[in-house]
1. Rounded to two decimals, what is the ratio between the C-alpha radius of gyration of region 1-118 and 2.2 N^0.38 Å?
2. Can you work out the base-10 log of I(q)/I(0) for region 53-135 at q = 0.16 1/Å, using the Debye formula on its C-alpha atoms alone?
3. With the Cα gyration tensor of the chain in hand, give its eigenvalues times 5 under a square root as the equivalent ellipsoid semi-axes, listed largest first in whole angstrom.
4. Average projected area of the Cα convex hull of region 200-300, in nm²?
5. Test of understanding: ordering 109, 276, 178 by Cβ neighbours within 10 Å, fewest first, what list do you get?
6. Using the 10 angstrom Cβ neighbour count as an exposure proxy, how do 148, 84 rank, fewest first?
7. Order 132-145, 188-201, 112-125 from most to least packed using the mean count of other Cβ atoms within 10 Å.
8. Per DSSP H run of at least 4 residues, take -39500 (n - 2.57); add these up for the chain, divide by its residues and hand me the 222 nm value, nearest 500 deg cm²/dmol.
């Protein structure tokens, strides 16, 4: 893997650290950002892992400002921010605020209330891309949006000057292989796997980046995996993939998506990064459940 594209690497979908009063925990934000930078991974705030759909706009703005402030203290740093909303005008307005703050890429899913035809999906992303003043990444996540953006629609959109890549969290092996064939050799469009179990395969077969939620508490693992893939060391990359699979199962196995996000914060709390408060409708589980998560954490 030799990648010279502008948008590439390990992008970690950050949790949103909250206080008991459900305000942004600014101290935890700084700890998280330092942890990301020290392990040379890129933060992506206000995505699915960040409970973005449940956050008041005031919390989103505070998080944007805090993460952007942290970004400006590091040279040649990057920051991705989710702008998804069911209201196009809101996504556009927030995108402007993001780029004014110095964000590098904004990321958006489809609106998730009305079923959309492929033509409507294409028109929506074109409207959004025409209205935002910087790079936009398409985010495909059928598990929450309940629609999949067809790859032929993404291919058409990929030639828009503001659309720079796809984050694909759809768990579909055939789709992954097709996407890699379409874009591995495109210098102007990047493919990021949001399916952590396929991180090594994606990178070794020409993908540009990975977006693993486990990177919230184990960012160094993914930095190592990415570098191994860049160097063509498949044996090491797949060995690290196995470690990733084990860690992912600790907080995801047998849990709903919402429960797994709480369990992820449990593991982060163990590392001294943030507390486990969740924004409604999600919530903390009992103390005994928290202990079970910690007890399942293996020594790697």
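Laboratory data are not the source of any read-out in this text; all were calculated from the coordinates shown. Computed from a prediction, not measured in an experiment: that's the story for all the values here. Here the Cβ is made from the backbone with ideal geometry for all residues, glycine too, and neighbour counts use every protein chain on show.
1. Scaled against compact globular proteins, the figure is 1.09.
2. Values, matching the q order: -0.63.
3. Computed over the chain, the values are 27, 24, 19 Å.
4. Projected area, direction-averaged: 6.9 nm².
5. Lowest to highest Cβ neighbour count: 178, 276, 109.
6. On the way: 148 18, 84 24.
Ordered by Cβ neighbours within 10 Å, fewest first: 148, 84.
7. Put in order of decreasing packing, that is 188-201, 132-145, 112-125.
8. -14000 deg cm²/dmol
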